[in-house]
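Before any comments, here is the structure.
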Amino acid sequence: MSWLTPQVTAIIIAMLQALAVLLGAVLLGAVLTVVERRLLGLWQDRYGPNRVGPFGSLQLIADMLKIFFKEDWIPPFADRTLFVLAPAIAMASLLLSFIVIPITPNLYVADLHIGLLFFLAMAGINVYAVLFGGWSSGNKYALIGAMRASAQTLSYEVFMGLALMGVVAITGSFNMRDIVNAQEGFWFVIPQFFGFCTFLIAGIAVTHRHPFDQPEAEQELADGYHIEYSSMKFGMFFIGEYVGMVLISALIVTLFFGGWHGPWLPPIVWFALKTGFFLMLFILLRASLPRPRYDRVMSFGWKVCLPLTLINLLITGAVILLVAPE
Amino acid sequence: MEVAFYLSGLVAVLATLGVITNTNPVHALLYLVVSLIAVALVFFSLGAPFAAALEVIVYAGAIMVLFVFVVMMLNLGEAVVAQERAWLKPRTWLGPAVLAAVLLLTLIAALWRGDIGLVISGETLTAKAVGTTLFGPWLLIVELAAMLLLAALVTASHVGRLAAPDKPPMHQETGARKEVR
């Protein structure tokens, strides 16, 4: 075993960790599709999917079999290149964001200096998935859905970045590990409560989750930008939405709720518990809130959330300057 | 890291060529996005990760999205592809290409001599010198220009407002429409 030098071992461990994070994110996204339907059933006082296996636990396998064996249909009027590219962008940009999230002190993929900016960059790239998907479908409902999605995402990304700058200002670093380590004593949700609120709202809007699912509003747009997609291409958009949910939950935990920090339990359990809590919150929001009108969504973003984040940033800066030692 | 630099530089050049030669506007914009990401990678390999991240966030993530947005709204069809193809004929691009080649030769010659700061007469005006002049003796002009631009913005926003609809006054706010009295 002469080739198994410490360097090679370190590379293998890093690759295995990256693979574990990747598979974990995708599998969690897939499992959530079923968990969400069961929980929606519970909260809306009806049965969810409960026929396949004990308590409907094998529903996921049935869904996957169905989605794999459907015909992979590309409409003749579609722009083939972009039509195929769009689901790949949707999935890849979200999965790439996971590399900056430190799950435990030892389980992480990359320790980037610009961790937070990397996430924002990937969120920016993610808009193209919806835009290209909607446009290349050659369908007016898809196009309207894509227009709504990109306008909504652009508006909410503006203050999504600004909401995080309070955390960055307190920590003095874009590095996610530094941010988590700075929350050893108290979680950032306390000094940055408004930052947390606006980031949560922006996160829901950017992943197009209910109540911000304007792009796919079934009643008006018959499913929006992925109306022409079928089989695994639709599956990529569908799972991608849940992967985005996992990503935003994990980011909220990392940035505002102390990441892996917590008493008694090992770090990974704390991280999983906190992330799970926010995933449940996402689903509960979908179960309980109606969808607002589109212009209301836009004016809420620009007229309420943006000023709120700016004021929050201003006060955070003032407090940091007041408290800082000379 | 040197390999990454040259590879992403090559991708940037090829993607930019793609922007020019592609006849479909949306595909051309996709090439431009790829080109911008490649330039971000060049920054990254040069040891400027912050600039790289901003390049992706600002250019690829925000400005290009608006470009794509507008091009999609224009609903350009086969006619535009035909027009683009016509513009790519040698007769059309020969003149600009010759002029650009002369400029390229001048640039290469200047780089070859190694003295970038060489000018016909006087000294080189750096960005810092321009800034101190603009915000020093000419501050009033800059402020006046800013106010003019703001006035233009307000005017555009006023002119662009939609007229009130022929409907009874609503109690709710209605997007960008004027308030009904």
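The values are calculated or read from the model by the stated rules, or taken from the named source; none is laboratory data. Predicted model only: the values in this text are computed from it and were never measured. We place every Cβ from the backbone using ideal geometry, glycine too, and count neighbours over all the protein chains shown. Surface areas here come from the heavy atoms of the whole protein model, side chains and all, with no ligands, DNA or RNA. Shrake-Rupley method; radii C 1.70, N 1.55, O 1.52, S 1.80 Å.
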Exercise for the section: Using a 10 angstrom cutoff on alpha carbons, build the Gaussian network for chain A and name the most mobile of A:P267, A:P76, A:P87. Expected result: A:P76
Exercise for the section: Could you check the simple spin-label distance between B:L148 and B:R91, using points 7 Å along Cα→Cβ, in nm with one decimal? Expected result: 4.2
Fill in the blank from the handout: Longest principal axis of chain B (C-alpha) makes with the long axis of helix B:2-21 (C-alpha) an angle, in degrees to the nearest 10, of 60
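Roughly how big is the A-B contact, given as buried accessible area in Å² (both sides, 1.4 Å probe, nearest 100)? Could the numbers behind the result be given before it?
Working: alone 16160 and 14780 Å², together 28760 Å².
The summed interface area works out to 2200 Å².
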Handout entry: 19 Å reach of a label modelled at A:V269, 7 Å along Cα-to-Cβ, counting backbone N of region A:225-262
Key = A:258-262
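Averaged over its residues, how many other protein chain Cβ atoms are within 10 Å of peptide B:65-76's Cβ atoms?
Details: counts 10, 3, 0, 7, 8, 0, 1, 9, 3, 0, 3, 0.
Average per residue, whole number: 4.
With +1 on each Lys and Arg Cβ and -1 on each Asp and Glu Cβ, and nothing else charged, work out how big the dipole of region A:1-145 is about its Cα centre, in Debye to the nearest 20. Please list the in-between numbers first.
Details: 8 positive and 7 negative charges, 72 e Å.
Approximately 340 debye in magnitude.
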Practice task
For chain B, set up a Gaussian network in which alpha carbons nearer than 10 Å are linked by springs, and say which option among B:V34, B:V71, B:V159 fluctuates the most.
Solution key: B:V159
Exercise for the section: State the extension gain, in nm to one decimal, for the chain segment bounded by B:V13 and B:F50, taking 0.36 nm per residue of separation less the distance between their alpha-carbons. Expected result: 11.1 nm
Practice task
Only Cα pairs under 8 Å and at least 6 apart count here; give the relative contact order of chain B as a rounded whole percent.
Solution key: 13
Completion exercise
The Cα extents of region B:1-76 along the principal axes, largest first and rounded to whole Å, are 42, 24, 9
Problem - Per residue solvent-accessible surface (Å²) - the protein assembly as shown, probe of 1.4 Å - result: 57
Exercise for the section: Please turn the phi angles of region B:63-75 into ³J(HN,Hα) values with the Karplus equation 6.51 cos²θ - 1.76 cosθ + 1.60 (θ = phi - 60°), one per residue in order, whole Hz, x for glycine and proline. Expected result: 5, 5, 4, 5, 4, 4, 3, 5, 4, 5, 5, 5, 6
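Please report, as a whole percent, how much of the solvent-accessible surface of chain A comes from carbon and sulfur atoms (probe radius 1.4 Å).
Values: 10930 of 15070 Å².
Carbon-and-sulfur percentage of accessible area, whole number: 72.
If packing is taken as the average number of other Cβ atoms within 10 Å across a peptide's residues, how do A:240-252, B:77-89 rank, most packed first?
A:240-252, B:77-89
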Handout entry: Cα-only Debye scattering, region A:59-200: base-10 log of I(q)/I(0) at q = 0.10 Å⁻¹
Key = -0.49
Fill in the blank from the handout: Across the protein assembly as shown, qualifying lysine pairs (alpha carbons under 23 Å, at least 8 places apart or different chains) come out at 5
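What number, rounded to the nearest 500 deg cm²/dmol, is the helix-based mean residue ellipticity at 222 nm of the protein assembly as shown, given -39500 (n - 2.57) per DSSP H run of at least four residues and division by all its residues? The partial results should precede the final answer.
On the way: 20 runs with 339 residues, N = 507.
Estimated from H runs of four or more residues: -22500 deg cm²/dmol.
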Problem - Part-to-part distance (alpha-carbon centres) for region B:36-60 and region A:123-145, which is given in Å - result: 25
Fill in the blank from the handout: Computed over region B:1-103, the relative contact order (Cα-Cα under 8 Å, seq sep at least six) in percent reads 27
Practice task
Would you jot down the residues in region A:123-156 that end up with at least 40 Å² less accessible area in the complete protein assembly than in the chain alone, with a 1.4 Å probe?
Solution key: A:I125, A:Y128, A:L131, A:F132, A:W135, A:M147, A:L154
Handout entry: Residue of A:L265, A:L85, A:L162 that the Gaussian network model of chain A assigns the largest fluctuation, springs spanning Cα pairs under 10 Å
Key = A:L265
Problem - Computed E for A:T104/A:V304 - FRET, C-beta separation, R0 35 angstrom, nearest 0.05 - result: 0.45
Problem - Karplus 3J(HN,Hα) series, Hz, for region A:30-35 with 6.51 cos²θ - 1.76 cosθ + 1.60 (x for Gly, Pro) - result: 5, 5, 4, 4, 7, 4
Handout entry: Mean Cα-pair separation over length for chain A, i.e. relative contact order, pairs under 8 Å, 6 or more apart, %
Key = 23
